[in-house]
1. Filter the stretch 379-398 down to the residues that are within 29 Å of the chain's Cα centre (by Cα) and either open to solvent by less than 40 Å² (accessible area, probe 1.4 Å) or over 19 Å from residue 178 (Cα atoms) (or both) and list them by number.
2. Show me the strands (runs of 3 or more DSSP E) entirely contained within the stretch 196-245 in which 1 or more residues are open to solvent by 20 Å² or more (accessible area, probe 1.4 Å).
3. Out of contact with any helix residue (DSSP H, G or I) (no Cβ under 9 Å at 6 or more places or on another chain) and not small (Gly, Ala, Ser), is that true of residue 615?
4. Which residue out of 7, 18, 55 is at negative phi, open to solvent by 40 Å² or more (accessible area, probe 1.4 Å) and touching a helix residue (DSSP H, G or I) at 6+ places or on another chain (Cβ under 9 Å)?
5. Select the strands (runs of 3 or more DSSP E) contained entirely in the stretch 122-188, then report the ones holding at least 1 residues which are under 16 Å from the mean Cα position of the chain (by Cα) and buried (at least 19 other Cβ atoms within 10 Å of the Cβ).
6. Search the stretch 592-639 for residues being within 31 Å of the chain's Cα centre (by Cα) and polar (S, T, N, Q), and hand back the single one that is surrounded by the fewest Cβ atoms within 10 Å (Cβ to Cβ).
7. Out of the residues in the stretch 313-370 meeting the condition of being of a type in the set (S, T, N, Q) and within 16 Å of the ligand (Cβ to nearest atom), tell me which one is farthest from residue 396 (Cα to Cα).
8. Over 23 Å from residue 570 (Cα atoms) and within 15 Å of the chain's Cα centre (by Cα): which single residue out of 463, 510 fits that description?
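The values are calculated or read from the model by the stated rules, or taken from the named source; none is laboratory data. Just so it is clear, the structure is predicted and the values come from calculations on it, not from any experiment. So basically every Cβ, Gly included, is an ideal-geometry build from the backbone, and we count neighbours across all protein chains shown. Heads up: the accessible areas ignore ligands, DNA and RNA and are worked out on the full protein's heavy atoms, side chains in. Shrake-Rupley method; radii C 1.70, N 1.55, O 1.52, S 1.80 Å.
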Amino acid sequence: MTVFHLRAAGVSLVLDTRGDAAYITHWGPDLGDLDPPDGLFTPAVPPSSIDVPLRLSLLPSLAEGWSGRPAIESGHGFRTVETHLHEQTAVIRSASPDATQKVVTELELTGQGVLRVRHRFTNRGHDEFVLPNLDVLLPIPAEASELLDFTGLWSHERSPQRAPLRHGIWSRESRHGRPGHDDAFLMVAGTPGFGFRTGRVWAVHLAWSGDKRIWAERSALGCSVLGAGELTAPGEIRLAPGESYETPWLVAVFSDAGLDGLSDRLHPWIRASSHLRKPRPVVLNTWEAVYFNHDLTVLGQLADAAAEVGVERFVLDDGWFTGRRDDRRALGDWFVDDAVWPQGLHPLISRVHAHGMEFGLWVEPEMISPDSRLATAHPDWILDSGPTWRWQRSLDLTRAYDYLLDRLTALLTEYPIAFLKWDHNRDLLTPGVAHRQTRALYRLLAALKQAFPHVEIESCASGGARIDLGILPLVDRFWTSDTNDPLDRQSIQRWTGVLIPPEYLGGHLGAGTAHVTGRTSALGFRLATALFGSAGIEWNLTAASPAEKAGIAAWIAEHKRLRPLLHSGRVVRADSPDPAHLLHGVVAQDRTHAVYALVTLGTPAAALPPPIRFPGLDPDRSYTVRPIGVPPRTMQDAPPPWLAAGGIMLPGRVLTELGLPAPLLTPEQALLLELS
Ligand code: DGJ
């Protein structure tokens, strides 16, 4: 047995396998060429403790003296039986003392410095084994004493919350059958006061779309950990002799450059295995334009208006299938409603195609309405016996699998559909089935992807209640939130984007008065907010004025021009001394080109706002800064001279360190700046 030292992109992972068990002795900054002398990673022995130094193994347990939350609640420790290093992946095989339980742990440090860890547990006994839980734990240093994670509500996803990490456990549990609007998303521990650009941070995310828990623990024993695993009900995971259970991947990232440093590893890693094959098409989604009022004439006119402004994909949302006149019925009956669509969807799709646009369709396969024909035919397929939720229940995917695959295959075969918006609008309130539901969902998505590789899929769950790296390999877009209100969207997109690259995050231009909040926002602010991600429109364009349509067409043209940069560059966000001011942007990988948005969320704290300091530029290169997009509303007697002059040229070092005087934007405005 030996010491494995994996290094990549400024990150080191040291794994000491010389004892009875394997120990992660370092996960963090690069340690250089290291030949660790004996004892380097061995702590002192305190009084009133076990009589040997305490070290946390890969599967920390009571048996080794760890009285914190264990990796597996079975009490006993695991012994390492074999270790193996293949390129950047260490494989550790461990066994229980009686050899009836075996665990294989894989630890991979990717070229981008992202660490992935998972366990596979196998029952080698002669009897069924009920697995209580199996989690992945990683040690973090004592300096990581401040926590950031997320909570949220419908239309308010990924609301950040921060707190000191005290002795004890801060544990977030998701019991929704989906990550949920309040998903912890990322558990970040860092040096006090860490920000987007500063501080050392250690973060974990569980790549899983079902029930899960994720936590940080600081123990009086002197160790701190981040941990996560699937949350299973008692008895949910039953393993017959020879059967295995594999945990989801724990994705772990270290950065010594704040939260942007996390994105700097995560985004390139996600992009390296991305299956997005073409530029993200500009979408028009019919939901907030017509809701359930499906009518070929109206939708045909909407398609014409969409094409006129430059839309590339027209998505028919909820309301097209048999009997679906409102949100109280018909889920499960995935047949085109011939009362509304006597010739099927063909006339609409032909019109969409005639304009050179792709056609997309909304579905919600995991659900069933109690009054549907499907429910009458298969009452035993219905889960959730308690209260309905949006008047619907969950469908048992293990039973309905063939039906769903057949129906979706039939639709995708009959109609030239390029995109499915795959929705999921209620929590699963049946204990003990989330594991099999989630696995069945992954299987169904994978089967469809294999049969229809050209069909893109969007993960939507009442907005952004299912955005995670477990489903990401099977989908092409996330619906970030049901709110199209730009004020709320600024924050939701900013935080979701720490993990997910912008090209996956749907952001739509809504009507002037947002349907969810009733707040009215300027067109320029709405356009600037929807510019950066996978852009789209969710507005009845047939009711837009000619001036509004011209503004939208110009915005779409600008988005298409900037799209190669926006969807491949490094995402940067400034730490602002004034919470009313946000600055975010995207900088090309070679740092020759960038776009930033200066955003005012409210009234600035002082008469003069802080200067605009541009993160991420090449200090030794000169940049021309010029405003683009719709000029924001200001309230100032005179603008800063550089802006009045239409731009300025300065070295990157000056733009980053000193910055430019900011104009006085009124609340809820955005100034877009292009640097080249
Ligand atoms: C919830 C989604 O998030 C919305 O965008 C829309 O598709 C509705 N469901 C349709 O029922």
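1. Listed by number, the residues that qualify are 383, 384, 392, 394, 395, 396, 397.
2. Numbers: elements: 201-206, 212-218, 224-230, 237-239.
It comes to 212-218, 237-239.
3. Details: out of contact with any helix residue (DSSP H, G or I) (no Cβ under 9 Å at 6 or more places or on another chain): no; not small (Gly, Ala, Ser): yes.
When the stated conditions are applied, residue 615 does not pass them.
4. Working: 7 fails: touching a helix residue (DSSP H, G or I) at 6+ places or on another chain (Cβ under 9 Å); 18 fails: touching a helix residue (DSSP H, G or I) at 6+ places or on another chain (Cβ under 9 Å).
Only one candidate qualifies: 55.
5. Numbers: elements: 129-131, 135-140, 146-153, 156-164, 168-174.
Fully inside the stretch 122-188 and qualifying: 146-153, 156-164, 168-174.
6. This residue is 603.
7. Applying the first criterion (of a type in the set (S, T, N, Q)) to the stretch 313-370 yields 322, 343, 350, 369.
Keeping just the survivors that are within 16 Å of the ligand (Cβ to nearest atom) gives 322, 369.
Numbers: 322: 21, 369: 13 Å.
Applying the filter and picking the extreme gives 322.
8. On the way: 510 fails: within 15 Å of the chain's Cα centre (by Cα).
Just one listed residue meets the conditions, 463.
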